[in-house]
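S.K.: Next up is a structure, given as structure tokens.
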Amino acid sequence: MNPMQTIPLMGIAMKQAKALRDSELIRDFCLSKYNKLPQIIIGHNVKKKPGRDDCPAILIPRMGKIEGEDSREFKYFSLVGWMIVNDKEAEDGDIRILKGLEESDALGQMIYETLCLLNPNYPVSESHYEIDAVEFFPQIVGEMQLNITVPRTMGMAMKY
């Protein structure tokens, strides 16, 4: 009997978290902008939510998958969030720019690129990316859902 084909969600989340932790770009960016490394958190504890003092932070609060014996491809997703604090503004001619929004987008792009390059065998097939500079201001939060589609292969163990 062949073992069931599946990839554990925590295996994906741990590999993503380690890649984010080990990224020189992310580390250098956070040290230069905030004088500290980002906290990386897997899961979400509603009784102990990360706040302003925890920034910068990168979170992987939720993940999911669609697998099955009748599926031609398996689908996995992870939700990745990030938070920074910056309430400064700059002007470019007659345009006011929230610097935190600019920084949040820069960090989000680094996170996205790091995770897209993580496993060339199972690349990110789709992403949904957004930044919110309103709800928690002066915390600027970003969030992306990364979808990974894995073709089902006969008799081959899958590993992310």
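S.K.: Only four residue types carry charge here, +1 at the Cβ of Lys and Arg and -1 at the Cβ of Asp and Glu. Report the dipole size of segment 9-151 about the Cα centre in Debye, rounded to the nearest 20.
M.R.: Dipole magnitude for segment 9-151 comes out near 760 debye.
S.K.: Just the Kirkwood number for segment 1-95, please: inverse of mean 1/r across all distinct Cα pairs, in Å, one decimal.
M.R.: The answer is 16.0 Å.
S.K.: Which chymotrypsin sites (Phe, Trp or Tyr not before Pro) in segment 102-143 pass both tests, a DSSP loop state and at most 14 other beta-carbon atoms within 10 Å?
M.R.: Loop-located and lightly packed - Phe136.
S.K.: Would you calculate the separation in nanometres between label points at Asp92 and Tyr34, each defined as 7 Å from the Cα along the Cα-to-beta-carbon direction?
M.R.: Reported label-point gap for Asp92 and Tyr34 is 2.3 nm.
S.K.: Among Met144, Met83, rank each residue by its count of other Cβ atoms within 10 Å, from fewest to most, as a rough exposure measure.
M.R.: Fewest to most other Cβ atoms nearby, the residues stand as Met144, Met83.
S.K.: Using the count of nearby Cβ atoms within 10 Å as a rough guide to exposure, how do Thr114, Thr6 rank from fewest to most?
M.R.: Thr6, Thr114
S.K.: To continue, here is another question. Please arrange Phe77, Phe137 by how many other C-beta atoms lie within 10 Å of their C-beta, fewest to most.
M.R.: Phe137, Phe77
S.K.: For segment 28-160, what does the equivalent ellipsoid look like in terms of its semi-axes, each the square root of 5 times an eigenvalue of the Cα gyration tensor, given largest first in whole Å?
M.R.: Equivalent-ellipsoid dimensions as semi-axes: 33, 16, 13 Å.
S.K.: Along the charge dipole of segment 9-151, pointing to its positive end and built from +1/-1 on Cβ of Lys, Arg, Asp and Glu, which listed residue (Pro38, Val134, Gln109) has its Cα farthest out?
M.R.: Positive-end residue among those listed: Pro38.
S.K.: To the nearest 20 debye, what is the magnitude of the charge dipole of segment 71-126 about its Cα centre, counting +1 on the Cβ of each Lys and Arg and -1 on the Cβ of each Asp and Glu?
M.R.: 440 debye
S.K.: For the chain, what does the helix formula give at 222 nm: sum of -39500 (n - 2.57) over DSSP H segments with n ≥ 4, over the residue count, nearest 500 deg cm²/dmol? Display every interim value, and only then the final one.
M.R.: On the way: 3 runs with 43 residues, N = 160.
My calculation for the chain gives -8500 deg cm²/dmol from helical runs alone.
None of the figures in this text is laboratory data; all of them are computed from the coordinates on show. Just so we're clear, the structure is a prediction, and the values are computed from it rather than from any experiment. Glycine also receives a Cβ, built like all others from the backbone with ideal geometry; neighbour counts cover every protein chain displayed.
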